[in-house]
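The values are calculated or read from the model by the stated rules, or taken from the named source; none is laboratory data. Nothing here was measured: the structure is a model prediction, and the numbers come from that model. Don't worry about glycine lacking a Cβ; one is built from the backbone with ideal geometry, like all the others, and counts go over all protein chains shown.
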Amino acid sequence: MITDPVGDLLTRIRNAVSIKTAELSVPHSRLKKEVIRVLKEEGYVESFKKEGRNLQIVLTFKRRQPRITGIKNVSKPGLRIYRKKNELPRPLGGVGISIVSTPKGVMSNRKAWKEKLGGEVLALVW
């Protein structure tokens, strides 16, 4: 059993980026699916679909280089990190995104700012 499903997802994406492979498979959960949906909306993931108990993910590449250059887990099961709307992190001065779990669902820091919501910061992506 995995105690940190988001951390496991981010590690699998980080590993796929490091070996420059476009496709990967992760065990399905609703939270992982929502995190991947946010990454797709922001252009970091080309596509994803559920096949059986797994999610098949295709990462976005530009000129044979992955669009994701860095990904970091922020909130962990032992230490949850919550931030208000105006305290949400902006990786690389706004070039990257942070993924936030809000009362209205999982979204990027830009969307959370527009909807005036804070929440648990799950990850940073740049």
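Restricting attention to the stretch 88-119, the residues being of a type in the set (A, V, I, L, M, F, W, C) and either more than 18 Å from ARG37 (Cβ to Cβ) or assigned to a helix (DSSP H, G or I) (or both) number 5. If I go through the stretch 59-70 residue by residue, how many of them are surrounded by 14 or more Cβ atoms within 10 Å (Cβ to Cβ) and in contact with a Phe, Trp or Tyr (Cβ under 8 Å, 6 or more places away or on another chain)? Number of matching residues: 4. Scanning the stretch 57-87 for residues that are free of Cβ contacts under 8 Å to residues at least 24 places away in the same chain and assigned to a loop (DSSP other than H, G, I, E, B), we see that the one that is nearest to the chain's Cα centre (by Cα) is THR60. Out of ARG53, ARG80, ARG30, one residue alone is assigned by TED's automatic domain parsing to the domain that holds LYS111, charged (D, E, K, R) and exposed (fewer than 15 other Cβ atoms within 10 Å of the Cβ). It is ARG80. Per the conditions (1) in contact with a strand residue (DSSP E or B) (Cβ under 8 Å, 6 or more places away or on another chain); (2) farther than 18 Å from LEU10 by Cβ; (3) without any contact (Cβ under 8 Å) to a residue 12 or more places away in the chain, the sole criterion not satisfied by GLY93 is (1).
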